[in-house]
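Accompanying notes for the structure given below.
Every number here is computed from the coordinates shown, using simple stated rules; none is lab data. This structure is a prediction, so every number in the text was calculated from the model and none was measured. Here the Cβ is made from the backbone with ideal geometry for all residues, glycine too, and neighbour counts use every protein chain on show.
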Amino acid sequence: MKWTREEYIALMTFEKSDRQMFVELFGPLIGLEDEWRKQGASEREISLAAFDWDYVPIVGCGGYTGIRGGFKPVVLEETAEYIISRDELGRTMKLPKGYATLALPLDFPVKDMDSWLKIKPMYEFHEDRINWERVEYAIKRQKEGDVVVANMLGGFDLPRELMGEEFACIAYYEEPELMEDIISTVTDTAFKVFDRISDKVMIDNLCVHEDMAGKSGPLVGPNLIEEFIKPYYRKIWDMVSSKGTRLFSQDSDGNMNPVIDAFLDCGVNITYPAEPAAGMDVVELRKKYGSRLAFKGGIDKHVLRKSKADILKELEYKLQPIMQSGGMVFGLDHRIPNGTPFENYKYYVETAREMLGLPPADPEKGVHRRMAF
């Protein structure tokens with residue numbers, strides 16, 4: 001079912017929850033489609049369109065805060081097992097074929113202040129970061145029910161992309177001037193881009209990607225978030241929220257429990273995908289934070305490879321009444337894993353729809369739109 005921006009915002013701000021939202025956030029891992037095809041799934045089922053997922057259409061605000069004027073990406077080597085390429089940052093990237101969707105960097109461009117200063121202009125503000133035709137298009141689409149989204153770079157994610165995880169974590173302590181200069185640069189760029197745009201169109205959802213945690217917890221703690229990341233988040237959030245923005249969503253895998261409070265202080269009010277395998281329990285988090293924090297995801301993807309009884313148990317827990325009181329987009333906590341029997345997936349969808357009071361899926365009219373924003 002297609003939702004409007006008004007309906008979606010009301011759900012995620014706990015204002016209205018008369019209908020639950022049930023989505024597929026990301027889709028299948030590479031290789032699962034072939035598994036399902038061998039198990040008799042139709043092409044519409046494999047594309048997920050047959051499951052008639054809920055979605056709200058989104059449109060970009062017309063502003064860009066990422067790298068500008070980088071290297072031209074080029075493939076350097078390709079074998080039956082992998083692809084080696086050079087990306088916009090000049091990094092050597094390796095993509096294993098057959099199971100990975102994201103290439104991993106083999107080297108990084110920033111090793112000290114001097115190397116950062118060489119690429120710093122790629123992140124500085126310039127008027128051409130705003131496409132005013134796209135802003136006008138966003139105005140039109142918003143009137144027709146689309147959610148206008150604005151994407152800012154992650155306060156941890158960008159240093160990690162520039163330096164690698166290990167050096168980025170050390171740099172907070174040993175190279176604080178470098179970290180401050182990186183973050184202040186993207187703060188200035190994001191502020192100038194979104195300040196100009198939000199004078200023309202209301203940004204509905206400010207979005208940030210971090211991916212800063214593993215199963216054991218986040219790679220930086222509340223103290224570093226307070227010192228380095230909070231000033232960045234707050235400057236952008238305080239400005240756009242003063243002009244009407246109500247949603248601030250953060251995408252980070254892993255166990256974010258130790259830093260949720262710190263990011264709430266930064267303005268974040270939606271988090272996803274809330275991975276149970278990493279210790280993220282959306283029911284307990286709802287009890288703790290109430291209407292201060294909304295969620296997307298939270299249903300254990302790994303349970304789909306177990307029995308139908310296990311699936312039912314997971315759904316009975318995650319779909320309980322406290323979770324149906326608003327601020328929840330129900331869905332798996334990341335991509336559908338390989339080895340998921342197609343019959344189990346169908347059972348999961350059908351059972352959850354029934355428990356959420358949703359009508360049966362219309363396999364002919366449904367579409368699949370990712371809700372990862």
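Taking every Cα-Cα distance in the chain and sorting them into 20 Å bins from zero, the calculated P(r) comes out as 27, 59, 14 percent. Taking a Cβ cut-off of under 12 Å around Phe108, the surrounding Lys, Arg, Asp and Glu residues balance to a net charge of -3, with basic ones at +1 and acidic ones at -1. Label-to-label distance, Lys215 versus Glu316, with points set 7 angstrom from Cα along the beta-carbon direction: 2.7 nm.
According to the square roots a ≥ b ≥ c of the eigenvalues of the Cα gyration tensor, what is the shape class of segment 1-149, taking rounded for a/c under 1.5, prolate for a/b larger than b/c otherwise, and oblate for the remainder? It comes out oblate by the Cα gyration axes.
In vacuo Debye scattering of segment 257-373, one point per C-alpha: log10 I(q)/I(0) at q = 0.13, 0.14, 0.15 Å⁻¹? Summing over Cα pairs of segment 257-373 leads to -0.53, -0.61, -0.70.
DSSP beta bridges confined to segment 194-323 are antiparallel in about 15 percent of cases.
The smallest convex shape that holds all Cα atoms of segment 147-229, its convex hull, gives 102 Å³ per residue.
Would you mind working out the magnitude of the charge dipole of segment 1-57 relative to its Cα centre, with +1 at each Lys and Arg C-beta and -1 at each Asp and Glu C-beta, to the nearest 20 Debye? Could the numbers behind the result be given before it?
Values: 7 positive and 12 negative charges, 12 e Å.
Dipole magnitude for segment 1-57 comes out near 60 debye.
Taking a ≥ b ≥ c as the square roots of the eigenvalues of the Cα gyration tensor, an a/c ratio of 1.5 or more together with a/b larger than b/c marks segment 177-318 as prolate. In the chain, helices alone account for a calculated mean residue ellipticity at 222 nm of -10000 deg cm²/dmol, with every DSSP H run of four or more residues adding -39,500 (n - 2.57).
Largest GNM mean-square fluctuation across Glu35, Glu78, Glu136, computed for the chain with C-alpha springs under 10 Å, falls on Glu78. Paramagnetic label reach from Arg86 (point 7 Å along Cα→Cβ; backbone nitrogen cut-off under 20 Å): within segment 35-72, residues 67-72. Would you work out if segment 316-373 is rounded, prolate or oblate? Take a ≥ b ≥ c from the square roots of the eigenvalues of the alpha-carbon gyration tensor; rounded if a/c is under 1.5, else prolate when a/b is larger than b/c, oblate otherwise. Here segment 316-373 falls in the rounded category. How large is log10 of I(q)/I(0) for segment 235-320 at q = 0.18, 0.20, 0.21, 0.25 Å⁻¹ when the intensity is taken from the Debye formula with one equal scatterer per alpha-carbon? Taken in order of the listed q values, log10 I(q)/I(0) reads -0.79, -0.92, -0.99, -1.25. Each Lys or Arg adds one and each Asp or Glu takes one away; over the other residues whose Cβ falls under 11 Å from the Cβ of Gly327, this sums to +3. Each Lys and Arg adds +1 at its Cβ and each Asp and Glu adds -1 at its Cβ; summed about the Cα centre, the chain shows a dipole of about 920 debye.
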